[in-house]
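Everything on this sheet refers to the single structure shown next.
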Amino acid sequence: MDETIDLRPYVNALVRRWWVILGAIIACILLAVILYASQAKYRATALIAVTDPVQRLAFDSRITSSFDLKALLQAYPELAMSDGVMSALLEKAGTLSGGAIKNIEQLREMVEVEDGPDPRLVRLAVRSEDPQLATDLANAWATVFVSAVDGIYGAPGGDVAFFNDQLAETDQRLRAAENALIEFQSGSRLGIVDNELLSLSQLQATYLADQRQLTLTIDDIHALRNQIEAGNGDSVTIADQLTALQLQLNVYESALSTSTDRLQLLINPEANLTSAERAEQIALLDGLARSAEAELDEIDLRLLELEPRIFTLQREKESLSHQYEELSRNRDVAEETYLTLARKIDEVRIQSSNDSNSLRVASLATVPIEPDRPNLFILIAIACLSGLLIITGILLGLTYWKNGNDQASG
């Protein structure tokens, strides 16, 4: 069989003891009125605005300022209650209160950072029985807090001194780099080595051209000799004599092939150019071939002698070029750094004339007229409801306990 709960004893208990409930409600009302009357402290609030800069100058993208507004918004309330800010505020609080505020713990009980609907507004609230003290202390707290934040995160234009110091150091490095480059160029052999190397390179090219020309000439001599030797009769034609003469000129003037001038020969057709006899002409060609081969050996020797001189000059040129490039690079880096810092200083100076990106006091506190008290009617309503619930719970509990004992006795 289902058990039923009889609520009549509980209702009867509440009805019979209505005067207890009424007395509890009246007592809570009196307590609420006393609590309301005891709240004699005044509250003064100063507002700090966190503004994001409307314009950000960047004359040089290599030096940029990091500004994370969201991170700062989370840090500001804790910074406002930090020991550093409280210590700085304590000095002013002691003066404003006539020595009544003596330590940070006493000061912390009076101040509070309140949350508002807009996280960009930091609300600095001060409660005190003296309305003027609360106002002065709130305004002093706002000033100290703004100064502390500017000191930590850098006030607009606060980096000018830092960049000026860096610019002065960079200017010294730039002057030193320029003087080092001037000193190097004043005694540098780079131009001399270039000219010597160019002269030797041209001489080597001439030797190589002569070598090639002599090699071809020797081949032509052998071909002409074979042609004359294979001919009929003892005489040599005028064409072969002219060819032999040209080959002889090529041997003794091997540079003729690289010259822009052309040798003009005036030939008498009735005279012999070299030798009209076959045997004598062959002997002349053999001697000419030996002379050409000797000249080739001489050119090979001269080319071998040129190589170490060219290598030495190339090493010296490379070393001098490396020194010049290093000095020039140091000068260029110092100059670029100097210009970058100069632009940054101009940027910071322009920003310092406009403090739109700083933490600013949006509103100073005014002297409160009324104490900071809760609404009396709401306070009484809460007190009545609380008293009713408490006394009702007590009465129901006692009734339940009594019924339980009666059932146990029965």
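Is there a residue being among the hydrophobic types (A, V, I, L, M, F, W, C) and within 40 Å of the chain's Cα centre (by Cα) anywhere in region 309-322? Among the residues of region 309-322, at least one is among the hydrophobic types (A, V, I, L, M, F, W, C) and within 40 Å of the chain's Cα centre (by Cα), which makes the answer yes.
Of all residues in region 145-159, at least one satisfies being of a type in the set (Phe, Trp, Tyr) and within 25 Å of residue 41 (Cα to Cα).
Here are some residues: 209, 223, 140, 168. Which one is hydrophobic (A, V, I, L, M, F, W, C) and either in the same structural domain as residue 95 (by TED's automatic domain parsing) or at pLDDT 90 or above (or both)? Let's see the steps before the verdict.
Values: 209 fails: either in the same structural domain as residue 95 (by TED's automatic domain parsing) or at pLDDT 90 or above (or both); 223 fails: either in the same structural domain as residue 95 (by TED's automatic domain parsing) or at pLDDT 90 or above (or both); 168 fails: either in the same structural domain as residue 95 (by TED's automatic domain parsing) or at pLDDT 90 or above (or both).
Among 209, 223, 140, 168, only 140 is hydrophobic (A, V, I, L, M, F, W, C) and either in the same structural domain as residue 95 (by TED's automatic domain parsing) or at pLDDT 90 or above (or both).
Going by the structure shown, is residue 70 at pLDDT 80 or above and in a helix (DSSP H, G or I)? Spell out the reasoning first.
Values: at pLDDT 80 or above: no; in a helix (DSSP H, G or I): yes.
Criteria not met by residue 70.
Please work out which residue is modelled with the highest pLDDT, limiting yourself to region 1-48 and to residues that are in contact with a Ser or Thr (Cβ under 8 Å, 6 or more places away or on another chain) and closer than 14 Å to residue 392 by Cα. The qualifying residue modelled with the highest pLDDT is 28.
Yes/no per residue for (1) over 40 Å from the mean Cα position of the chain (by Cα); (2) under 25 Å from residue 243 (Cβ atoms); (3) surrounded by 13 or more Cβ atoms within 10 Å (Cβ to Cβ):
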{"residue": "181", "(1), (2), (3)": "no, no, yes"}
{"residue": "184", "(1), (2), (3)": "no, no, yes"}
{"residue": "190", "(1), (2), (3)": "no, no, yes"}
{"residue": "198", "(1), (2), (3)": "yes, no, no"}
{"residue": "201", "(1), (2), (3)": "yes, no, yes"}
{"residue": "206", "(1), (2), (3)": "yes, no, yes"}
{"residue": "210", "(1), (2), (3)": "yes, yes, yes"}
{"residue": "218", "(1), (2), (3)": "yes, yes, yes"}
{"residue": "221", "(1), (2), (3)": "yes, yes, yes"}
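The values are calculated or read from the model by the stated rules, or taken from the named source; none is laboratory data. Keep in mind the model is a prediction, meaning the values are calculated, not measured. Positions of Cβ are generated from backbone atoms using ideal geometry, with glycine treated the same way; all protein chains shown enter the neighbour counts.
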